[in-house]
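Novice: Structure incoming, see below.
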Amino acid sequence: MMDAVSSSRGGEERERMTERGGIKAQQRSPINPLFNQQEQEQRELAEKLTWLLSTYRRISDSYIIEFFSESLWDTLPVSWQEALGDLTPPQIADLLLDKEINDRRYPSVWPLSLLALRTAAHVLSFPRKAPGGHSEDAGAAVPEEFQSNQSQSSLLRHIFRKHVKPKKQHEIRRLGTLVKKLCDQANCNCVVDVGSGQGHLTRFLSFGLGLDVTGIEADPNLVSMANKFDRQLLLTLTKENQRSGKAEGLHSAPGPSPRHVVGWVNPQASWDVFIQQLVTASESDSSVGPTTGPYEKKQRVEDLHLEPHSCQTKGEDKAELQNTLQTQRTDINISDSVAQINTGAFPSGMETESVAQINTGAFPSGMETEMLTCKSIPVTDCGVKELGSFVLTGLHACGDLSSTLLRHFTNCPQVQVITSVACCYMKISTQENPNPPGVFQSQFSSDITVANSSSEYGYPMSDWVRGLPGHQLSYKAREGACHAIEDYLLRLREESGLLRTHCYRAILESIIRAERPHMRRPGVQTVKKAHALSFSEYACLALPRVGLPADLPYDPVCVDSMLAHQGKVVAYFSLVLLLAPLVETLVLLDRMIFLQERGFQSELIPLFDAAFSPRNLVLVAVKPKEAQS
């Protein structure tokens, strides 16, 4: 029955998906049809996503470790079981997960409902391929900047690579360069980096790109490390200049060293509380900057010998900046990325199928040029202490922090631009789960005045999505949206031994429940190189971690029978991964609609190489001129 219903609905969905025009011509406003079409298409996409996800909620909400204990395979239509049950891992990659495969060879006839689900999942999810990035079928291949040395980006100077993992090097260079470009467009030199951690992005924005940067981070230990790394960077520069014979007097600064602030951004506090945090921190000694040698508080970025395009800070250098960017063949064309915000266009390197998705309303059709021209303000001294305008950024701001920053952008007059890269969707608060597990609890929370007694949840943010039936996203569905589908594709194609770890954990769950029926999904710390162990060796290490004896007896024949179904475990988990990008798309689309409802256009740019940095979509919004006056 489920198969028949799914097939029927899938056919209707395919018909609706072919209507690329979004709304009929007679429904468009004669005054500003582009604006209305964009808004309508976004809302229609949200409707399609909520319907599709609610229809297959059983899959996205399932825990793969319960594959045997909850008989998950039997919950699938029989025709799906027959189509997927005997596939090899590479076949699963080609036939189910990889949206860029054009020539698919099926070993058997697939049911229309399964084909419809795969097509809808591929078409309705936001494109993830960055300009110059790898395709999904490239797996976890590293970007070209790491070809010569997989731990050192060739496009980032060594002072910004120290203590920074390759993934973070890739991210801070691309996001930092985009933020700098937006600052130039907005005529604003000040940036507030929320959730700044150890200050890797903050240092690149400040020392590398000449911006006036304040980083705010709730963990005082990370702030301490940030200040330590700042001092190390300046000490390194001092030694290098002494060896090269440079005169230290040349290092007079265009702006201060970055400020690192200890502070927790309360999701329930109003924007003026957030501004007061920044003002108070700027006026106090809680932010201790580097104080090493002649670089105390001042540093001339032109003398840091950075990558060619990272030192341009004045208007007359913008042409040179763009020329340099075009010569960096392995670099993202930031000029083009920002041009997307003006024109609504997408990178020319995007695949045809991805470009076709623009018509679904996933990406706004256009943005007025004036939206990138902020109110002219002095850039010589626009620190947050003086409450000047600033650009707000958050690189993988966890859970509700990303949604909170968007609310501050819409309400706070000082925030002119926002770049938001989200992560940890499972930590977002919802009406059904206002306090999800794993959320950071700040020691400062009791000292911050809450704006009002009614909570504003991290999802949904928009009135439109909140009113759609079936819009709810469970903790498990949001957790699944954080998986790296590109990495799993690589495992499938290589038939990696890592694929057996889900099967091992699912068997272990069955053994645990047989012994302790009320113990469900207990946390088992990662068993190192579990895939290289036999199951008995794995069980001996894992059982004590849930309070059971290592030699707990179990039926080896039953275990062998479950091990024989490893391929089905992989196939089922791949179905979960198929739906994961839809969940992420709905969360991010909800934020775009939230901004739209408040009068702000936005763009979603796949900025990072998805195979290298799975949470690679950056939401960019710029206030129009009238909102800045």
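The values are calculated or read from the model by the stated rules, or taken from the named source; none is laboratory data. These numbers come from a predicted model, not from an experiment. Using ideal geometry, Cβ is built from the backbone for each residue, glycine included, and neighbour counts are taken over all protein chains shown. The area values use the complete protein model at the heavy-atom level, side chains included, leaving out ligands, DNA and RNA. Shrake-Rupley method; radii C 1.70, N 1.55, O 1.52, S 1.80 Å.
Novice: Are any residues in region 66-88 closer than 26 Å to ALA611 by Cα and open to solvent by 30 Å² or more (accessible area, probe 1.4 Å), and if so, which ones?
Specialist: THR88
Novice: Give the residues of region 497-527 that are under 33 Å from the mean Cα position of the chain (by Cα), buried (at least 17 other Cβ atoms within 10 Å of the Cβ) and either not hydrophobic (A, V, I, L, M, F, W, C) or not in a helix (DSSP H, G or I) (or both), sorted by residue number.
Specialist: ARG500, THR501, HIS502, TYR504, ARG505, GLU509, VAL524, VAL527, listed by residue number.
Novice: Before we move on, is GLN91 more than 27 Å from the chain's Cα centre (by Cα), modelled with pLDDT of 95 or more and open to solvent by 20 Å² or more (accessible area, probe 1.4 Å)?
Specialist: When the stated conditions are applied, GLN91 passes them.
Novice: Which pairs turn up if I take residues in region 201-218 that are open to solvent by 10 Å² or more (accessible area, probe 1.4 Å) and look for partners that are aromatic (Phe, Trp, Tyr) with beta carbon separation below 8 Å, at least 6 apart in sequence or on another chain?
Specialist: Here the result reads ARG203/PHE160; ARG203/PHE229; ALA218/TRP264; ALA218/PHE440; ALA218/PHE444, each pair linking region 201-218 to a residue that is aromatic (Phe, Trp, Tyr).
Novice: Only one of these conditions is not met by LYS168: (1) part of a helix (DSSP H, G or I); (2) in contact (Cβ under 8 Å) with a residue 40 or more places away in the chain. Which number is it?
Specialist: The one condition LYS168 does not meet is (2).
Novice: Among the residues of region 244-262, write down those that are at pLDDT 80 or above and open to solvent by 10 Å² or more (accessible area, probe 1.4 Å).
Specialist: Hits for region 244-262 are ARG259, VAL262.
Novice: Next question, about the same structure. When you check SER113 against the structure, is it of a type in the set (Gly, Ala, Ser), more than 30 Å from ARG43 (Cα to Cα), more than 24 Å from the chain's Cα centre (by Cα) and modelled with pLDDT of 80 or more, yes or no?
Specialist: no
Novice: Across region 196-243, what is the number of residues that are under 16 Å from VAL391 (Cβ atoms) and either part of a loop (DSSP other than H, G, I, E, B) or out of contact with any helix residue (DSSP H, G or I) (no Cβ under 6 Å at 6 or more places or on another chain) (or both)?
Specialist: Total meeting the criteria: 8.
Novice: Run GLU302 past the list (1) part of a loop (DSSP other than H, G, I, E, B); (2) at pLDDT below 90 and report the number of the one that doesn't hold.
Specialist: (1)
Novice: Which pairs turn up if I take residues in region 587-616 that are free of Cβ contacts under 8 Å to residues at least 24 places away in the same chain and look for partners that are crowded, with 24+ Cβ neighbours inside 10 Å with beta carbon separation below 6 Å, at least 6 apart in sequence or on another chain?
Specialist: Going by the 6 Å Cβ cut-off, there are no qualifying pairs.
Yes/no per residue for (1) at pLDDT 55 or above; (2) surrounded by fewer than 21 Cβ atoms within 10 Å (Cβ to Cβ); (3) more than 21 Å from ARG128 (Cβ to Cβ):
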residue	(1), (2), (3)
SER389	yes, no, yes
ASN433	yes, yes, yes
THR449	no, yes, yes
TYR457	yes, yes, yes
